[in-house]
Each structure stands twice: as C-alpha cells, then as structure tokens.
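The values are calculated or read from the model by the stated rules, or taken from the named source; none is laboratory data. For clarity, every value in this text was computed on a predicted model and none was experimentally measured. Methodologically, a virtual Cβ is constructed for each residue, glycine included, from the backbone with ideal geometry; neighbour enumeration extends over all protein chains shown.
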Amino acid sequence: MDNLNFLLQGFQIVFSLQNLAATLLGCILGLIIGAMPGIGSLAGCALLLPLTYKFNPTTAIIMLGGLYYSNMYGGAFSAILFNIPGDTPAIMTTLDGYPMATKKKRPGQALSISNISSFVGGLIGMVILTFTGPVLANVGLSFGPVEMTALLLFAMTSIGWLVGENPVKGLMLTLFGMLVASMGMDTLSGSPRYDFGNVYLLGGVPFTPFVIGLVGFSQVIMLMEQRNIAPQLVADKLTLRDSMLSKNEAKRLVMPSIRGGLLGTFVGVLPGAGATAASIMSYSAQKYFKSEEPLGTGAVEGIAACESANNGAAAGAFAPLLALGIPGSGTGAVLLGGLMLWGLNPGPLLFKNSPDFAWGLIASLFLANFIALTVSWGVIPFLIKILSVPTKLLIPCITVVCIVGSYSTSNSMYGVIVMFISGILGYIMQKFDYSYAPLLLAFVLSPMLESNMRKAFIISRGSVRIFLEKPISLAFIIAIACIALFPIVRYFLIKAGLMKKKTAK
C-alpha cells in the first residue's frame, strides 16, 4: 500500500501544468521519432537531452521518459505501412503487420492491434515496476554472462527452428546472420575480422541500414514489379470506424498481449537485453501457443506478442535504472547520464532521498501510455491513407525514406550502399521463399551472444561445465535440447501415425 500511496503522490506531481505539458510533448516527439526509420529512441533522447538542461530534473526526465516510451508505439507505424521498422524493436512487427495491411487489406486493424497490445504490455510493465521494481532489479542482477549466454542461445535456437518454418532453412539463415554480425573489429581483442581490406568494414555492417534494406528496400524492389497496379486500398473507405476490431480479434490479442507484457518486462530488466530482444523472444514464444492463423501471414497474435513485449520492456528498463543505477539499453545509458548531470544518483536511496523525482517519473509513464494510445488511435485515418497512394508514386517516396534513414546513421554513403546490397539480398530471399526473419534476428542477437559467451569462458577458464553448474543456465540448456530434438521426434511420430502432419491454411 505504501507504493500505491507514493504513486498517487507521483500523479499529483505529474498533473502540474509544466509536467503535464512535458509529458505530452515527449509523447508526441516519441511517436514522430519512432515512425522515422534511422533515428530511434537512443538518438532522439540524445538529441533532446541538451534542451532539458533548463528544466528542473523531474520535468526533464518526465519528458525524456515519455519520449522513450511512446517511441515504441511510433516504431510500428512505418513497420506496418511500409515494412520498414521505425526503430529496432519494431522488426518483429513487420512479419505480421505488413501482410495484414497489404495482403489482407486491413491496415486500420493492424494499427489498432498494435496500439492496444502496446497499451496492455506497457500497463503490465508499469504495474510491475510500481510494486516490485527494486526486487525485480535484483533478480536481473542474477543474470550474469553465463545466464545471459544460455538465454540468448535459447532465443536463437527458437528463431532458427521456429521462425523459419523449414528447420534447415531457419538454421542456415541463422548461421549466415551470425557470420554477417561477426564482420568488423573483435570487441575483446581488437583484431579485424572479415574486413577484406576495406576500411569501412572495420566498423562492421551497420545495423540500421542493413535492417532498412533487408526489410524495407527489398519491398521497394518487389513493388517495382507491380508499379502499374492500381492502389490496393480506396481512400474513402479508410475511416476510424473501419479500424475497429471485431470481438473475436479483441479476444485473440488478450493472451498474447499479457504474455508479451510479462515476458517483455522481465527481459527489459536484464542488463543489455532491451526491447528488441524482448520482442524477438515474445514472438518466438508465441509459436508455442495456439494462433488462429499461421504467424507471418498477418496474424493478430503475432502483432500483439511483439508490440506488447517491446512496450513492457521499455517500462521494465526503468527498474534497474532507478533502483540500481544500471542502464538496460543505450537509451537507458543516456537517461542515466542525464540523471547524473542533474545531480541525482540512481540507486536504492533514490526512492528515499528523491521520492518526488522517482515516483513522478513512474506516474508519468502511466500518463504517457494513455496519451500515446489516444494520439496513435486518432491518427490512424491519416496514416492509412498513405496506402491509397498509387504504387508508382509510393516507390520513390519509400526509396527516399530508406536512403535518408540509412545515411543518417552513418553520415556517409557507406550506410546507403549497405542498404542497397541488403535490399537486393532481401529481394532474392523473398523470390526463393526464404524468410528474412532468422537472418535478421541472428544479426541482432549475435553481438550480445558473443560478448557474454566469451566473458563466461574467461570466468570458467574455458570450461563448458559452468553452463551446467548454474541452475538458470542449466534450465535454458535443457530447453534448447528439447527444441533441437522436437523436429526429429515429430518426424518419427508422424511416420508412426501417432501425430498428424500440419497442413498450410
């Protein structure tokens, strides 16, 4: 009850005119920045940090917190409409959001599902943060390099075998994604790897241009084959009423949103994991649960699982930041730097020494969740009109977005070249019916996996027994073995007539 009283005091702080305006401004900026590929919450908070120096610390962190949180909403806009994730956590949203918007011609419903599940996931994360924030932060500390290695191996095994419906294809693409991610300087020894004598490759393959090309520009190439086709949607039918969900769709998104919110909050607390890893793991976990439609074809459950997870992770990331002073992501590091510049020391004493600040920030997240939902829903009619633009006019517009987003991350044409090459790669993969998801997600998780695995081996002096001696890592190792053996067991069960083979819907 004490926490609830503190939260109510936090709302009294937030509802002052200055803090209310800061929350609203942060939410609107976060939605805009999230929808613009190549910027993201990290760059957004870093660029706006100097503008907050004249604010009092509470108002400043409230604005930046609102920006960071609402960025998770905005990232889904371009992911659903253009197949270009506005921010990295929205990568998974493209898998089902874009097919629902284009192939099923239901962009309004796709955006509504994204908004509602984001709200549910974020709300779950905030409730957990309110009542168990410091406790959850201490749980996150139990995940050292050994446990993180096992967790990431579990995630990558799920991706390789489950996201790629064909296990062989999924495994091949996962390994290829790990190979691409290993290009550049070794993070521990500093030696170059797979640079081929090119100075640009010493820095590795930049993430954002690679993602924009593989997911977004490959779609531009596909659209070029259909440039004379009439618009897929009719503008006068795109209303907010048409974007409402049916009772069945609303029912279908409830459980994936709750599971995603819980899993996302937990992953958000882990050091270095972040919202991207949360959305990946939640989407992979959804494969184990029933969906009315196959994931990857525009399923309600697919959108709900990843969108709720990344918003839950965004809320959960504040637990270690405030209670322990440990940032869970790059954006968290920027916020931590801001706290120190304002003379605040995050840690267990923050809630005692500066309760107005800590609980004002937590209360502002609840308010930001409602504001982001309202604004996101209100702009749906304007957003989905984009898809009524003729394909031959849409192609140059999306191409410009891809080029600007790729250039802005590297400030050179190197990023644009990477985007073009990965776009061609993505187009070829689509032509031969290879899902880009295993490759892309292995590319995201491989650097974290390599770093944690090498630290674990340094701790154990090269012994693999350390993974079996830790209870958490042992549990994940057992789960990995079950996933790897499942296709083999299923094959023999089908052959023996004890299991029916799934047929495509």
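Data overview
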{"read-out": "Qualifying residue in the range 3-14 (condition: part of a helix (DSSP H, G or I), modelled with pLDDT under 80 and polar (S, T, N, Q))", "value": "yes"}
{"read-out": "Top-ranked residue in the range 458-476 [being buried (at least 17 other Cβ atoms within 10 Å of the Cβ) and in a helix (DSSP H, G or I); ranked as nearest to the chain's Cα centre (by Cα)]", "value": "PHE476"}
{"read-out": "Within the range 17-125, helices (runs of 4 or more DSSP H) holding 3 or more residues that are under 19 Å from PHE318 (Cβ atoms)", "value": "17-35, 40-48, 57-82"}
{"read-out": "Test result for LEU387, of a type outside the set (Val, Ile, Thr), surrounded by 17 or more Cβ atoms within 10 Å (Cβ to Cβ) and at pLDDT below 80", "value": "yes"}
{"read-out": "Residue within the range 290-305 that is closer than 12 Å to SER117 by Cβ and free of Cβ contacts under 8 Å to residues at least 40 places away in the same chain present", "value": "no"}
{"read-out": "Failed item in (1) under 30 Å from TYR98 (Cα atoms); (2) in a helix (DSSP H, G or I); (3) not hydroxyl-bearing (Ser, Thr, Tyr), with ASP433 passing the rest", "value": "(2)"}
{"read-out": "Selected residue [surrounded by 18 or more Cβ atoms within 10 Å (Cβ to Cβ), under 19 Å from GLY86 (Cα atoms) and β-branched (Val, Ile, Thr)] from ILE380, ILE371", "value": "ILE380"}
{"read-out": "Test: residue in the range 206-214 that is assigned to a loop (DSSP other than H, G, I, E, B), modelled with pLDDT of 80 or more and surrounded by 17 or more Cβ atoms within 10 Å (Cβ to Cβ)", "value": "yes"}
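Residue by residue, here is whether (1) in contact with a strand residue (DSSP E or B) (Cβ under 7 Å, 6 or more places away or on another chain); (2) at pLDDT 85 or above; (3) under 30 Å from GLY360 (Cα atoms); (4) not hydrophobic (A, V, I, L, M, F, W, C) holds:
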residue	(1), (2), (3), (4)
LEU136	no, no, yes, no
MET148	no, no, no, no
VAL163	no, no, no, no
MET172	no, no, no, no
GLY190	no, no, no, yes
